[in-house]
1. Any residue at all in the range 146-154 that is open to solvent by 20 Å² or more (accessible area, probe 1.4 Å) and either among the basic types (K, R) or more than 29 Å from L54 (Cβ to Cβ) (or both)?
2. Every residue in the range 1-38 that is assigned to a loop (DSSP other than H, G, I, E, B), aliphatic (A, V, I, L, M) and in contact with a Leu (Cβ under 7 Å, 6 or more places away or on another chain), please.
3. Quick check on my filter: what residues within the range 36-56 are open to solvent by 70 Å² or more (accessible area, probe 1.4 Å) and closer than 15 Å to D105 by Cβ?
4. Looking only at the range 119-141, which residues are closer than 20 Å to P4 by Cβ and open to solvent by less than 90 Å² (accessible area, probe 1.4 Å)?
5. Cβ-Cβ under 8 Å, sequence separation 6+ or interchain: first residue in the range 127-152 and without any contact (Cβ under 8 Å) to a residue 60 or more places away in the chain, partner open to solvent by 60 Å² or more (accessible area, probe 1.4 Å) and not in a helix (DSSP H, G or I). Which pairs?
6. Would you check which residues across the range 4-61 are among the hydroxyl-bearing types (S, T, Y) and within 18 Å of P102 (Cβ to Cβ) and list them?
7. Go through the range 13-34 and give me each residue that's of a type outside the set (S, T, Y), farther than 23 Å from A95 by Cβ and without any contact (Cβ under 8 Å) to a residue 12 or more places away in the chain.
8. Identify, please: which residue in the range 15-33 is over 17 Å from the mean Cα position of the chain (by Cα) and open to solvent by 100 Å² or more (accessible area, probe 1.4 Å) and is, among those, farthest from L133 (Cα to Cα)?
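The values are calculated or read from the model by the stated rules, or taken from the named source; none is laboratory data. Here the structure is a predicted model, which means the values were calculated and not measured. Note that we place each Cβ from the backbone using ideal geometry, even for glycine, and neighbour counts take in every protein chain shown. Only protein heavy atoms, including side chains, enter the accessible area calculation; ligands, DNA and RNA are left aside. Shrake-Rupley method; radii C 1.70, N 1.55, O 1.52, S 1.80 Å.
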Amino acid sequence: VLLPILTFVGSGYHMALGGAKPVPVNPRLYRNVRRGDIIVSLAGIAANCVLAVLFTLLVVPVGVLGHAVPALSQFLAILQGMFVYGVTINLVLAAFNLIPIPPLDGSHVLTHLLPLSWALRYQQVGRYGIILLIAILSFARPVVNLWMSPVFALSDLALRAVAPFVLASPWPI
């Protein structure tokens, strides 16, 4: 709770950065360490992508139900608004986690794609990863915007596809 609040206030209300307890993984149980680490690293990203698709698809039946039962339309419009935000948030989380800076998941994938000598040097940067990540988010906004531009294009495309089913909301979405 404190980390997002401190980074949000400390960045002049431009960025909130949170943290999570890492998922306990035992690499000794992998049959192939390289492949196993990549799969585990990409699992969260895949889950975010699946959730984004699921939220996009859920907009349609909720819209159809809202048009069929007008008494529920205001409640369902709010629910749809949550689905719409869920699409964008999950796509942003997937892209953010793909950034190849430790401790993000993209760094695990990049480590296994680099030659061994480069991978060892790259892993040494890991202890400064959070500082590097905050610096990039704070001072390299155009780079972050470029990295995230496919996310917003994909989110916009998904939401335009289901736009005919979106109910009128009491709040702007």
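1. no
2. Listed by number, the residues that qualify are M15, L17.
3. I39
4. G129, I130, L132, L133, I134, A135, I136, L137, S138 - these are the residues of the range 119-141 that are closer than 20 Å to P4 by Cβ and open to solvent by less than 90 Å² (accessible area, probe 1.4 Å).
5. That search, which allows pairs on different chains as well, returns G129/P103; I130/P103.
6. T7, S41
7. Across the range 13-34, the qualifying residues are P24, N26, P27, R28, L29, R31, N32, V33.
8. My answer is R31.
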